[in-house]
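Structure record follows, encoded as structure tokens.
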Amino acid sequence: MANTSSNTMLEQIKEKVQAGERVSVEEGLFLEQEVDLLTLGELANQIRERKNGNFAYYNTNIHLNPTNVCVYRCDFCAFRADLRDEKAYTFTDDMIRERVEEARATGATEIHVVGGLHHQKKFDWYLDVVRIMHETYPDLHIKAWTPVEIYWFSFMTKKPYRWVLEQMMEVGLGSMPGGGAEIFDPEVRAKICEHKADAKNWFEVHEAAHDLGLRSNATMLYGHVEEARHRIDHLNQLRTLQDKTGGFQTFIPLAFHPDNTRLSHIPKPTGLMDLRTVAVSRIMLDNFDHVKAYWIMLGEKIAQTALSFGADDLDGTVVHELIYHDAGAKTPEGLTVEQLHRLIREAGREPVERDTLYRRVIRDGASWSVGESVMTAAGC
Ligand code: V47
Ligand code: SF4
């Protein structure tokens with residue numbers, strides 16, 4: 001970053017960030033390739049504080065991966081299994097009820113549901129997963145199914161995405177998680193997750209969801225075979241749909257975990273790359289309210305630091321996570337609210353428990369209710 005044109009470019013970007021203007025794809029690439037971590041952090045932090053003040057959000061949640069049997073074979077996935085594998089499992093209705101009762105007993109406000117595409121299960125089984133959860137604990141927000149799953153349901157039923165989503169909403173679906181995005185570039189997808197729903201399908205599902213009033217998240221899986229230009233293209237595509245619908249809530253950069261995958265020769269991203277990716281994402285995604293530092297993947301230390309590099313959310317207490325632990329995550333299986341508070345306060349931020357839709361949670365032990373939108377309350 002020594003020459004004059006680089007300095008001019010950086011000055012231009014700084015002015016844009018200060019004025020709340022959008023950084024171009026070319027400038028995004030420059031940030032990725034030429035700019036040091038602390039400068040990225042300073043820029044990202046400005047945006048983070050403008051959008052969310054000093055708040056750092058978390059939620060009380062629990063995970064359910066209803067089956068790990070999957071027709072696909074994504075190279076980065078350590079979670080999936082074939083039907084006859086020893087580790088293959090599928091939840092029964094009673095197991096689902098038990099998981100939801102556990103959610104109720106711990107005062108969880110959200111259940112996060114993603115899983116494999118089980119070729120012997122019909123659409124009605126997936127619908128029942130949501131129905132059972134909703135009937136067992138109606139106040140629990142069900143954040144379920146990525147576009148890869150919705151695409152599969154649409155393929156099985158030969159019905160449009162909108163119909164599939166409407167059926168799911170009728171039995172209790174509350175919002176959609178951000179997975180299945182990986183890296184949108186078709187050449188990268190061909191290398192790591194050939195055959196599964198492509199970028200076009202991914203965006204069409206989110207657009208249909210937003211049109212029905214469902215909010216959703218977006219992710220990006222980084223640190224495998226992709227290059228900087230692929231990450232910037234990915235972020236640019238996300239902000240284009242967000243301009244159109246405004247339906248995304250949170251962006252979550254997902255650090256690739258290589259253990260037990262077909263890409264196990266690739267080293268896990270370093271802490272530096274994790275923080276750079278959080279910061280560049282925050283700068284590029286000017287129309288996203290939130291960027292999540294998913295502690296279960298980043299580890300508590302990097303996630304805590306990320307709160308000064310553009311992130312405003314740590315995700316939650318997360319009980320029963322499998323996808324990243326199968327792929328070698330060394331983080332604990334869950335964190336208590338006290339531990340999350342400590343991480344946030346140490347980072348100089350104010351912890352706020354939110355529900356899935358970013359409303360403040362008013363809590364008394366395991367009982368809770370929701371207040372107003374946190375950002376409205378903050379005047380952000
Ligand atoms: O699409 C799978 C990723 C995603 C690995 O919306 C891996 O709040 C790293 O949807 N290393 C599914 N990543 C998870 C998902 C999600 C996660 C966190 C928060 C939210 C949210 C949604 O998990 C997949 C894939 O990108 N994944 N295997 C792995 N070895
Ligand atoms: Fe199946 Fe999802 Fe794993 Fe791909 S990432 S193999 S779709 S469970």
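Here, each number is a calculation from the coordinates, and none is a lab measurement. Note that the structure is a prediction, hence the values are computed from the model and not measured. Cβ: placed from backbone, ideal geometry, glycine included. Neighbour counts: every protein chain shown.
Just a few scattered comments:
- Cα centre as origin, Lys/Arg/Asp/Glu Cβ charges: the range 29-147 dipole, Debye: 240 debye
- The mean of 1/r over all distinct Cα pairs in the range 30-116, once inverted, gives the Kirkwood hydrodynamic radius of 17.0 Å.
- Share of Cα-Cα pairs in the chain lying beyond 33 Å, as whole percent: 26 percent
- What the Cα convex hull of the range 12-72 gives, in volume per residue, is 178 Å³.
- In the range 20-170, lysine pairs with alpha-carbon atoms under 23 angstrom apart (chain gap of 8 or more, or interchain): 9
- Dipole size of the chain about its Cα centre, with +1 on Lys/Arg Cβ and -1 on Asp/Glu Cβ: approximately 200 debye, rounded to the nearest 20.
- Positive-pole candidate from 109, 25, 305, dipole of the range 25-377, charges at beta carbon: 109
- Each residue of the range 269-286 was assigned a 3J(HN,Hα) from its phi angle through the Karplus curve 6.51 cos²θ - 1.76 cosθ + 1.60 (θ = phi - 60°); the sequence is x, 6, x, 4, 5, 4, 5, 4, 5, 4, 5, 5, 4, 4, 6, 6, 8, 5 Hz, with glycine and proline shown as x.
- The chain: angle of helix 4-19 to the longest principal axis, Cα-based, in degrees nearest 10: 60 degrees
- Nearest 10 degrees, 0 to 90: helix 161-171 Cα axis against the chain principal axis: 60 degrees
- Summary of packing: across the peptides 232-238, 56-62, 89-95, 256-262, the per-residue average of other C-beta atoms within 10 Å ranks them, highest first, as 56-62, 232-238, 256-262, 89-95.
- Per residue, the chain reaches -14000 deg cm²/dmol at 222 nm when only DSSP H runs of four or more residues are counted, each adding -39500 (n - 2.57).
- When both bridge partners sit in the range 25-377, DSSP labels roughly 20% of those beta bridges antiparallel.
- Under Karplus coefficients 6.51, -1.76 and 1.60, residue-wise ³J(HN,Hα) of the range 90-101 in Hz, glycine/proline x: 9, 5, 8, 4, 5, 5, 5, 4, 4, 4, 6, 5
- Computed from Cα positions, the angle between helix 295-306 and the longest principal axis of the chain comes to roughly 30 degrees.
- Residue-wise HN-Hα coupling along the range 48-61, computed from phi with Karplus coefficients 6.51, -1.76, 1.60 (Hz; x: Gly, Pro): 4, 6, 5, 7, 10, x, 9, 6, 10, 8, 8, 9, 9, 9
- Mean separation of Cα contacts under 8 Å (6+ apart) over length of the range 191-248, as relative contact order %: 44 percent
- Relative contact order of the range 25-377, taken over Cα pairs closer than 8 Å and 6 or more residues apart, is 23 percent.
- Quotient of C-alpha Rg and 2.2 N^0.38 Å, computed over the range 181-238: 1.15
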